[in-house]
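The block underneath contains the structure these notes are about, expressed in structure tokens.
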Amino acid sequence: MSGVLEGIRVLDFGRYIAGPFCGTMLGDLGAEVIRIEKLDGSEDRWVTPVVEGGEGAMFLQMGRNKLGLTLNPVKPAGREIVSKLVAVSDVVIANLPYEDLKKMGIDYDTISAINPRIILATTSTFGSEGPYATRVGFDTIGQAMSGAMHLSGDGEVPTRMNAPFVDFGTALLNTVGVLAALIDRAKSGKGQKVETALLRTAINITNSHLIEQAMLSLNRIATLNRGFTAGPSDTFKCKDGWIYAMTIGQPLFVRWCKLMGNEALASDPRFKDDLARGDNGEALSAIMQKWCDTRSVAEALAALEANRIPAGPVYSPQQALDDPHVKAAKFLHQMDFPGAGKPVPVLQEPVKLSRTPLTIRRRAPKLGEHTDQILLELGYDTTQIRKLRDDRVI
């Protein structure tokens, strides 16, 4: 079954996550995506190596549904290849410094002169305006400068989340921007530039906290896993593991009080509403922890579910892989890859569409795996391709 973006060609010059996962999403939706790397492989190909060839876990995830092309776009012959690709493509993705875009000939002015219908999806740490525009950074810089790290941890040591939510959030916003630009192009016939920034994404995620600070000047500090504006909302240790449970809203809190065997808590002025319960969350967490002390994870979750109180186990990565729901719902696609001792579990589809589903049609490419194929399609012959390889252009 063809995807909704069948016939769309994407040139992915991205690195790591914020750019490449946008390309991955477009590929899952049916676009032809060409991942363009350095001749020796881009750095993100080798992060957390998990197979014999050295390819890393991140690349195996980001590289699905992509063709692999190696290219040095700074050399004149390389820029000529870029120009030919841009002329027959729809989208260019690049989360690279703006000066690098110009060196590579993929800044918007250059590519739009070649192809007025082209869409450039560009990501940086801070955006193209403001005093930090030329600075570089990664996901954690966005976490740090948005207030997210300050509000995480124990209140003494700011704590980052190991899962790079700023990178992935930026990639998803990039994808939304590209889809919107494609819709507009269908009406106007013109391409445009889509711009995202890690700090912009991070501030979007922490925006409600920033609004609260601006309006009320509460100067909140981190409270480990305890919620600020609801309670009980925390992690709790059971006899054989940890759970996270959360009540928000009066009906949930009343049900929780009944489960705890203390309905009088619902009329206690300390817990009159969500904000008050957040302010006095330590007392509520203590009650809940005492209840969990005598129960296993399974017993606690069963009782909470019976009372329709949201809760879940705190898993290790292996437990997440082994979860029966993850397996039954087929969240993970078992993808073969050369040099891998076992199938690689890659998320099957981040979004489910009932009529035009996202699909995984090909594994991540080996380094330069489709270089010859792509250049032959552009009109190069085998002699020219051999010379380009000898000259270290490809």
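Near A264, within a Cβ-to-Cβ distance under 14 Å, what is the net charge of the other residues, with Lys and Arg +1 and Asp and Glu -1?
My count for the surroundings of A264 gives +1.
Over the chain, with a Gaussian network built from C-alpha contacts below 10 Å, which listed residue (P232, P350, P164) shows the highest mean-square fluctuation?
Between P232, P350, P164, it is P350 that shows the largest mean-square fluctuation.
Once amide H atoms are built 1.01 Å from N in the peptide plane, which residues 5 or more positions from L347, or in another chain, come under 5 Å H to H?
H333
Kindly provide the pair-distance distribution of the range 233-315 built from C-alpha pairs, with 10 Å bins from 0 and whole-percent values in order of increasing distance.
Reading upward from the zero bin: 19, 57, 23, 1.
Explain nothing, just compute: Karplus ³J(HN,Hα) = 6.51 cos²θ - 1.76 cosθ + 1.60, θ = phi - 60°, for every residue of the range 78-91 in order, whole Hz, x for Gly and Pro.
For the range 78-91, the Karplus curve yields x, 5, 5, 5, 4, 4, 5, 5, 4, 4, 10, 10, 10, 9 Hz.
Using R₀ = 25 Å, calculate the FRET efficiency as 1/(1 + (r/R₀)^6) where r is the Cβ-Cβ separation of K352 and V88; round to 0.05.
Computed FRET efficiency for K352 and V88: 0.20.
So what are the ³J(HN,Hα) numbers for the range 101-109, from phi and the Karplus equation (6.51, -1.76, 1.60; θ = phi - 60°), rounded to whole Hz, Gly and Pro as x?
Rounded to whole hertz, the list is 4, 5, 4, 8, x, 10, 6, 5, 4.
Summing -39500 (n - 2.57) over the DSSP H runs of n ≥ 4 in the chain and dividing by its residue number, what mean residue ellipticity at 222 nm do you reach, to the nearest 500 deg cm²/dmol? List each step's numbers first, then the result.
On the way: 17 runs with 158 residues, N = 394.
Helix contribution divided over all residues of the chain: -11500 deg cm²/dmol.
What is the gain in length, in nm to one decimal, between I183 and S217 on full extension, counting 0.36 nm per residue of separation less the C-alpha to C-alpha distance?
8.1 nm
Excluding residues fewer than 8 places away in the same chain, name every one of the aspartates and glutamates whose C-alpha is closer than 16 Å to that of K290.
Candidates past the 8-residue exclusion: D234, D240, E282, E299.
Would you please give the residues with an amide H less than 5 Å from that of I118, counting only those at least 5 places away or on a separate chain, with H modeled from the backbone geometry?
Here G191 satisfy the definition.
Which of V194, V314, V88 moves most in a GNM of the chain, Cα contacts under 10 Å?
V314
Mind telling me which of N280, N174, N219 comes out most flexible in a GNM of the chain, alpha-carbon contacts under 10 Å?
Highest fluctuation of the listed residues: N219.
Give me the number: length gained by fully extending R160 to W242, i.e. 0.36 nm times residue separation minus the C-alpha to C-alpha distance, one decimal in nm.
Separation in residues times 0.36 nm, less the Cα-Cα distance, equals 27.5 nm.
Where does the charge balance sit around N307 when Lys and Arg score +1, Asp and Glu -1, over other residues with C-beta under 11 Å from its C-beta?
+2
Using the structure shown, list the pairs from K84/K387; K258/K327; K237/K330; K38/K84; K66/K352 with a Cα-Cα distance above 22 Å, or answer none. All intermediate terms of the calculation are to be shown ahead of the outcome.
Working: K84/K387 18 Å; K258/K327 34 Å; K237/K330 29 Å; K38/K84 18 Å; K66/K352 20 Å.
Distance filter (> 22 Å) returns K258/K327; K237/K330.
Please arrange D390, D273 by how many other C-beta atoms lie within 10 Å of their C-beta, fewest to most.
With the sparsest Cβ surroundings first, the list reads D390, D273.
Round to the nearest 0.05 the FRET efficiency obtained for A283 and R308 when R0 = 22 Å and r is the Cβ-Cβ distance. Spell out each step's value before the answer.
Numbers: r = 23 Å, r/R0 = 1.05.
With R0 = 22 Å, the Cβ-Cβ based efficiency is 0.45.
Taking the DSSP beta bridges in the chain as the whole, what percent of them are antiparallel, to the nearest 5?
Taking every DSSP beta bridge with both residues in the chain, the antiparallel ones total about 40 percent.
Which far-off residues, 5 or more places away or on another chain, put their amide H under 5 Å from the one on G137, with H placed in the peptide plane?
For G137, the qualifying residues are T125.
Applying the Karplus parametrisation 6.51 cos²θ - 1.76 cosθ + 1.60 with θ = phi - 60° to the phi angles of the range 383-394, what ³J(HN,Hα) value in whole Hz is obtained for each residue in order, glycine and proline being reported as x?
Per-residue couplings from phi come out as 5, 5, 5, 4, 5, 4, 6, 4, 7, 6, 8, 10 Hz.
Take the alpha-carbon centre of the range 171-211, take the same for the range 59-80, and report the distance between them in whole Å.
24
Starting from the Cα of R392, step 7 Å along the direction of its Cβ; do the same at A328; then give the gap between the two resulting points in nm.
Those two pseudo-labels are separated by 5.7 nm.
Count charges around I243 for me, please; just the other residues with Cβ under 15 Å from its Cβ, Lys/Arg as +1, Asp/Glu as -1.
-1
Each reported figure results from applying straightforward, stated rules to the coordinates on display, with no laboratory input. What you see is a predicted model; the values in this text were computed from it and never measured. Quick reminder, even Gly has a Cβ in these numbers, built from the backbone with ideal geometry, and neighbours come from all protein chains shown.
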